[in-house]
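K.L.:
The structure that follows is given in the form of structure tokens.
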Amino acid sequence: MGASVYEPINVYKPLAPDIGIVDGPFEYLTVGGIRLPLPFTTRMTVVRLSNGDLFLHSPIKFDERLANQVRGLGTPRHLVSPNQFHYAHIGEWARAFPETVAWASPRVRRRARARRVDVDFARDLNASAPDEWRAEIDQLLFPGGYFKEFIFFHKPSRSLILTDTIINIELDKISEPWRTATKLTGMYHPYGQIFFGMRLPLRFQQRKAKAAIGKIYSWQPQRIVLSHGRCFYEDADEVIRRIFGAPPH
Ligand SMILES: [Fe+2]
């Protein structure tokens, strides 16, 4: 079996009131200008704020029909790049929805410029949530060196929204040799793990890691949404304990 996406793609799938996901098409990683033949799936998370504004986390490739569906959910307002690797389609959404604000992650402007991706980030994400969404979404900067990312928590639905911090690839959705390679990293369903590039930097930033993990515990998430692989819709507390360890003191 070849690689497969999370069908149906480009449609909103509600998870709870005011939050849902949209599975996207395959993307390919480009390293040093070379496109790797490894297809991976992408996912965007949509949160509807109480004022009707929409928070689009890690927007997937723009699609006109999807944009119409999104328009029916609320007013697209915040286009969020949670880390420097997730930003490529924000410009497309910003051009379709000029009233949106693009929020930058650390180093993303530099990365976009180097790759000649046309995107204009107006605001920077910060260690604490901005007034625009703090009543409903909390956030923190998860340490991981080069791979650090902002992670979010939708309070009403108790959903933890991660990008690359945890990867949980379903092996039967990818083909060889990538299946074996993924298996070796341990980042596969149901054993999803912290992205391997983050693990060493985390060990050198134990104080920051402890604070971040403590905050994740304090949120008491009920579900964990990921950008790559299968989300954890149940037993989020057990998954958090397995992946991040016991709550820090
Ligand atoms: Fe990613």
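Throughout, read-outs are computed from the coordinates displayed, never taken from laboratory work. Treat the numbers as computed from the prediction; the structure is a model and nothing was measured. Neighbour counts are summed over all protein chains in view; Cβ atoms, including those assigned to glycine, are modelled from backbone coordinates with ideal geometry.
K.L.:
Residue 209 fails exactly one of the following numbered conditions: (1) aliphatic (A, V, I, L, M); (2) in contact with a Phe, Trp or Tyr (Cβ under 6 Å, 6 or more places away or on another chain); (3) more than 15 Å from the ligand (Cβ to nearest atom). What is the number of that condition?
P.N.:
(2)
K.L.:
Considering only strands (runs of 3 or more DSSP E) fully contained in region 122-191, which possess at least 1 residues that are over 15 Å from residue 45 (Cα atoms) and within 15 Å of the ligand (Cβ to nearest atom)?
P.N.:
137-142, 149-154
K.L.:
Any idea how many residues of region 212-238 are assigned to a helix (DSSP H, G or I), among the polar types (S, T, N, Q) and surrounded by 16 or more Cβ atoms within 10 Å (Cβ to Cβ)?
P.N.:
Looking only at region 212-238, we keep the residues that are assigned to a helix (DSSP H, G or I), and these are 212-219, 236-238.
Filter once more, keeping what is among the polar types (S, T, N, Q): 218.
Subsequent filtering for residues that are surrounded by 16 or more Cβ atoms within 10 Å (Cβ to Cβ) retains none.
Count: 0.
K.L.:
Would you call residue 169 within 17 Å of the chain's Cα centre (by Cα), β-branched (Val, Ile, Thr) and under 18 Å from residue 248 (Cβ atoms)? Can you show your working first?
P.N.:
Details: within 17 Å of the chain's Cα centre (by Cα): yes; β-branched (Val, Ile, Thr): yes; under 18 Å from residue 248 (Cβ atoms): no.
Judged against the criteria, residue 169 is not a match.
K.L.:
Restricting the search to region 32-87, which residues are of a type in the set (Ser, Thr, Tyr) and within 16 Å of the ligand (Cβ to nearest atom)?
P.N.:
Just the residues of region 32-87 that are of a type in the set (Ser, Thr, Tyr), to begin with: 41-42, 45, 50, 58, 75, 81, 87.
Answer for region 32-87, where residues must be of a type in the set (Ser, Thr, Tyr) and within 16 Å of the ligand (Cβ to nearest atom): 41, 42, 45, 58, 81, 87.
K.L.:
Can you list the strands (runs of 3 or more DSSP E) lying wholly within region 1-120 that have 2 or more residues being of a type in the set (D, E, K, R)? Before the answer, list the steps.
P.N.:
Working: elements: 12-16, 19-31, 34-48, 53-57, 75-80, 101-104.
Because the criterion is at least 2 residues that are of a type in the set (D, E, K, R), the strands (runs of 3 or more DSSP E) in region 1-120 that meet it are 19-31, 34-48.
K.L.:
Return a yes/no flag: does region 195-205 have any residue that is outside any helix (DSSP H, G or I), touching a helix residue (DSSP H, G or I) at 6+ places or on another chain (Cβ under 9 Å), within 16 Å of the ligand (Cβ to nearest atom) and within 23 Å of residue 178 (Cα to Cα). Spell out the reasoning first.
P.N.:
Of the residues in region 195-205, the ones outside any helix (DSSP H, G or I) are 195, 205.
Retained after the next criterion (residues that are touching a helix residue (DSSP H, G or I) at 6+ places or on another chain (Cβ under 9 Å)): 195, 205.
Restricting the remaining residues to those that are within 16 Å of the ligand (Cβ to nearest atom) gives 195.
Of the ones still in play, those that are also within 23 Å of residue 178 (Cα to Cα) are 195.
Within region 195-205 (the criterion being outside any helix (DSSP H, G or I), touching a helix residue (DSSP H, G or I) at 6+ places or on another chain (Cβ under 9 Å), within 16 Å of the ligand (Cβ to nearest atom) and within 23 Å of residue 178 (Cα to Cα)), the answer is yes, since at least one residue qualifies.
K.L.:
In this structure, is residue 41 surrounded by 15 or more Cβ atoms within 10 Å (Cβ to Cβ) and over 26 Å from residue 188 (Cβ atoms)? Talk me through it step by step, then tell me what you get.
P.N.:
Numbers: surrounded by 15 or more Cβ atoms within 10 Å (Cβ to Cβ): yes; over 26 Å from residue 188 (Cβ atoms): no.
For residue 41, the condition - surrounded by 15 or more Cβ atoms within 10 Å (Cβ to Cβ) and over 26 Å from residue 188 (Cβ atoms) - is not met.
K.L.:
Shifting gears a bit: Looking for something farther than 18 Å from residue 42 by Cβ, hydroxyl-bearing (Ser, Thr, Tyr) and either under 17 Å from the mean Cα position of the chain (by Cα) or away from the ligand (no atom under 15 Å from the Cβ) (or both) - is there at least one such residue anywhere in region 222-231? Steps first, please.
P.N.:
To start, the set of residues in region 222-231 that are farther than 18 Å from residue 42 by Cβ comprises 222-223.
Within this subset, residues satisfying the condition of being hydroxyl-bearing (Ser, Thr, Tyr) are none.
No: zero hits.
K.L.:
Restricting to region 54-85, and then to whatever is touching a Gly at 6+ places or on another chain (Cβ under 7 Å) and buried (at least 20 other Cβ atoms within 10 Å of the Cβ), can you tell me which residue is nearest to residue 11 (Cα to Cα)?
P.N.:
Our first condition is that a residue be touching a Gly at 6+ places or on another chain (Cβ under 7 Å); within region 54-85, this holds for 54, 60-61, 74-75.
Cutting the leftovers down to buried (at least 20 other Cβ atoms within 10 Å of the Cβ) gives us 54, 60.
Working: 54: 15, 60: 11 Å.
Restricting to residues being touching a Gly at 6+ places or on another chain (Cβ under 7 Å) and buried (at least 20 other Cβ atoms within 10 Å of the Cβ), the top hit is 60.
K.L.:
Give region 11-26 a look and list any residue that's surrounded by fewer than 20 Cβ atoms within 10 Å (Cβ to Cβ) and within 13 Å of the ligand (Cβ to nearest atom), or say none.
P.N.:
Within region 11-26, just 26 meets the criteria.
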